Amino acid sequence: MMFKRILLPLDGSYNAERVIPLALRLARMHAGTLILLRVVNLNLFSASQTSLAKELPAQAKFEAERYLVNLTKKAEFQGIQTEIQAPIGHEASTILEIVKRQQADIIILNSHGYTGLSRWNMGSVAEKVTRYAGVPVLLLRHQSALPLGPHPDPTQPLRILVPLDGSNHAAAALEPAADLIYALSTSANCAIHLVRVIHSTDTLHVARLYLQTITTSLKCGEIAPIVAQQQIPVTWSIAVNKDAADAIIRVAENGEDAENSGVFGACDLIAISTHGITSHPLWTLGSTTERVRGGSRLPMLIIRPSVTETQYAMLDQQEPKVAISETP
């Protein structure tokens with residue numbers, strides 16, 4: 001997998017814009033296209049403002065487009081192919097629709113932007129997008145450093161954690177995780193760490209064998225070929241914990257584990273699928289992902305299947321309707 005078409009939703013805030021260097025890095029790495037998106041939500045305007053009803057949508061759209069164009073004129077965008085989108089609609093559902101329409105490969109957004117009435121509630125938008133997006137979503141936190149360039153400790157690689165539960169759905173996170181971490185590491189000094197959470201030591205042998213098999217497959221290029229091509233180091237660990245989300249966060253942020261094969265410290269990102277095995281005693285990956293997203297301070301690459309049109313409709317029903325008529 002390569003992230004060739006990168007969608008970057010922005011709300012005009014510094015917190016949203018701080019992820020731009022990361023998006024530019026991905027675009028340069030893959031000679032890709034950066035799609036800058038600013039959704040114009042007209043909910044703030046009252047239906048009683050009839051005299052402005054025809055002028056406001058056009059003016060708001062013009063301001064959004066001008067904001068995006070001015071961004072692309074900055075020096076750091078030189079040499080990057082860009083597109084701008086300033087549709088009128090509800091933030092989360094419009095982002096998801098633009099993903100389909102523009103055939104984006106990944107969405108990158110910050111979990112916090114403006115929270116006042118004049119801007120999006122970026123946290124709420126991020127929650128809905130990560131829940132319903134049919135492409136990988138790279139979600140960053142306002143309080144954490146960007147996982148960009150060499151690790152702050154030059155002796156350590158930039159490292160991404162991939163939790164696995166034995167299912168193909170969980171393993172689907174391996175290829176995008178490898179592609180992302182290699183693209184973000186300036187000196188190709190990066191690594192992948194696999195973790196398997198088990199409820200008791202009764203299944204320790206099975207978990208160990210599974211992780212060893214996956215590691216061998218990665219190193220031989222049978223899965224996520226970029227790992228073998230770029231000789232990305234792969235380590236693994238097993239955590240014994242009845243709370244899978246807690247275990248994943250502990251391993252990712254602190255390097256804690258019960259048994260390992262070369263784990264060397266904390267990670268810089270987490271890459272996780274939202275669907276895995278749901279039968280006892282294995283963890284329900286969807287709910288675990290939600291809890292890790294809510295509890296970890298680390299950036300997360302979240303991978304999930306495509307959503308249906310019905311889910312788009314349900315998402316729209318959760319948001320207030322625009323008070324005045326929308327124009328394209």
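Values quoted throughout were computed directly from the atomic coordinates according to the rules given, and no laboratory measurement underlies them. Note that this is a predicted model, so its numbers are computed, not measured. Cβ: placed from backbone, ideal geometry, glycine included. Neighbour counts: every protein chain shown.
Checking the Cα-Cα distances for LYS73/LYS128; LYS100/LYS128; LYS4/LYS100 against a 23 Å cut-off, the pairs over it are LYS73/LYS128.
Taking the Cα centre of each part, how many Å lie between segment 174-200 and segment 56-92? Centre-to-centre (Cα) distance: 33 Å.
Remark: segment 87-92, residue by residue, has Karplus-estimated 3J(HN,Hα) of x, 9, x, 8, 4, 5 Hz, where x stands for each Gly or Pro and the curve is 6.51 cos²θ - 1.76 cosθ + 1.60 at θ = phi - 60°.
Spin-label pair GLU17-ALA145: with each label point 7 Å from Cα along the Cα-Cβ axis, the two points sit 2.3 nm from one another. Here the Karplus relation 6.51 cos²θ - 1.76 cosθ + 1.60, evaluated at θ = phi - 60°, turns the backbone of segment 6-22 into coupling constants of 10, 9, 10, x, 10, 10, x, 8, 4, 4, 5, 6, 5, 8, 4, x, 5 Hz, with x for every Gly and Pro. The simple spin-label model puts a point 7 Å past each Cα toward its Cβ; for THR186 and ASN168 those points are separated by 4.1 nm. Rounded to the nearest 0.05, the FRET efficiency derived from the C-beta distance between GLN156 and GLN59 at R0 = 56 Å is 0.65.
Amide hydrogen proximity for GLN81: with H placed 1.01 Å from N in the peptide plane, the residues at 5 or more positions away or on another chain lying under 5 Å are LEU34.
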